[in-house]
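Below is one structure, written out as structure tokens, with a few remarks after it.
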Amino acid sequence: MQDKRNERDFHHPYTPYEIQKDFMNAVYACLESGKVGIFESPTGTGKSLSLICGSLTWLRDHKRRTFEEGFTVSHDDHDEPAWILEHAQKQRKQEALRRKQDLNDRIARIRMKERRAKERHESSEPHSKRLKAASDMGNGADDEAQFVLDDYESDEDSSRRVKLELFNDSGFSAETQALMVKLGFSAAATSDGEDEAPDETKIFFCSRTHSQLAQFSSELGRVKMPPALVLDEEAVAMSENSLVEDIRHLTLGSRKNLCINSRVKRLGNATAINERCVELQNSASKDCRCQFMPTKESATLLNVFRDHALARIRDIEDLGSLGKKLGICPYYASRPVIKYSEVSTELCRFIYRLHVDYSRL
């Protein structure tokens with residue numbers, strides 16, 4: 001039996017039974033060794049929560065280790081002084097942490113905005129005022145205005161600000177900055193936009209039915225996990241119990257589930273919808289293409305969709321509604337969001353499984 005002093009904390013929302021502890025430890029060990037595991041447990045033993053807690057605990061531990069190892073530099077491989085390598089390593093680390101914090105801050109602002117909107121809706125407002133608000137939501141322009149972020153900062157602006165903070169104010173000479181670029185430690189060595197976010201290891205949960213996915217998403221909302229990476233380490237030491245990072249979850253669906261083009265949606269059949277969608281994409285005339293298809297011009301809107309999609313745990317219907325309100329195809333807009341998610345749920349006709357993407361290990 002494992003020593004209680006050395007027991008791993010899986011951050012289970014309740015006091016777990018021994019069978020749940022065994023299940024979570026087995027899941028963690030399987031993922032840690034990179035093996036394929038088949039797990040079973042009697043009905044009513046909390047398999048979903050055990051699976052979530054075991055896999056997410058491993059994922060955040062893995063992200064923490066990978067992050068630290070990614071900035072380890074061997075002094076034997078470079079002729080430059082150790083202090084230059086160490087300082088460049090620190091700058092790279094701070095840049096990665098700040099990018100992560102920028103995304104978390106944007107998501108937090110959206111989450112708070114949605115919470116306030118929900119509270120206003122549930123408060124004792126006059127019935128006529130609620131009807132007017134509901135009527136206003138029918139307008140496309142007003143719908144989009146609901147999701148405009150306060151002081152929204154694009155990825156390009158964020159990248160530019162980070163570079164200015166870390167390098168222009170650092171006091172480095174042009175020669176030193178050029179050397180850091182050569183060593184691969186400079187923020188200038190990274191490109192703007194989506195390439196800045198690493199495509200990290202993530203968990204895919206697949207099920208045969210929507211009800212099982214809905215149950216999984218509901219259980220996912222109960223779990224509170226500490227962050228894998230923290231920008232301010234002093235805050236961790238002061239208040240470890242209060243530090244919780246929400247799980248970045250994304251529900252994936254087919255065109256049939258997520259299409260918001262009424263002319264395509266009414267075809268009904270999944271094959272017909274897929275074929276018509278591809279036809280609209282390949283149309284030579286811009287007027288014949290789907291108006292909801294993401295383009296370079298809608299890159300900012302795509303980022304807004306991403307931040308809202310990750311702000312809380314949403315099911316297929318929620319994601320479709322979000323796409324309608326923003327006027328952007330949720331099927332295609334959700335694909336780039338996978339890079340930023342930790343857990344993705346998807347309907348799969350033949351299997352019921354948890355899959356960890358090891359392609360980035």
_Residue check, Ile107 farther than 25 Å from His308 by Cβ, among the aliphatic types (A, V, I, L, M), part of a helix (DSSP H, G or I) and in contact (Cβ under 8 Å) with a residue 60 or more places away in the chain_ = no
_Output for segment 14-62, where each listed residue is among the polar types (S, T, N, Q) and not in a helix (DSSP H, G or I)_ = Thr15, Ser41, Thr43, Thr45
*Working only within segment 81-95, note down all residues that are under 23 Å from Leu243 (Cα atoms) and either within 13 Å of the chain's Cα centre (by Cα) or touching a residue at least 60 places away in the same chain (Cβ under 8 Å) (or both).*
Gln94, Glu95
*Out of all the residues in segment 16-38, is one or more at pLDDT below 95, among the hydroxyl-bearing types (Ser, Thr, Tyr) and closer than 26 Å to Gly221 by Cβ?*
yes
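The values are calculated or read from the model by the stated rules, or taken from the named source; none is laboratory data. Quantities reported herein were computed from a predicted structural model and do not represent experimental measurements. Neighbour counts are summed over all protein chains in view; Cβ atoms, including those assigned to glycine, are modelled from backbone coordinates with ideal geometry.
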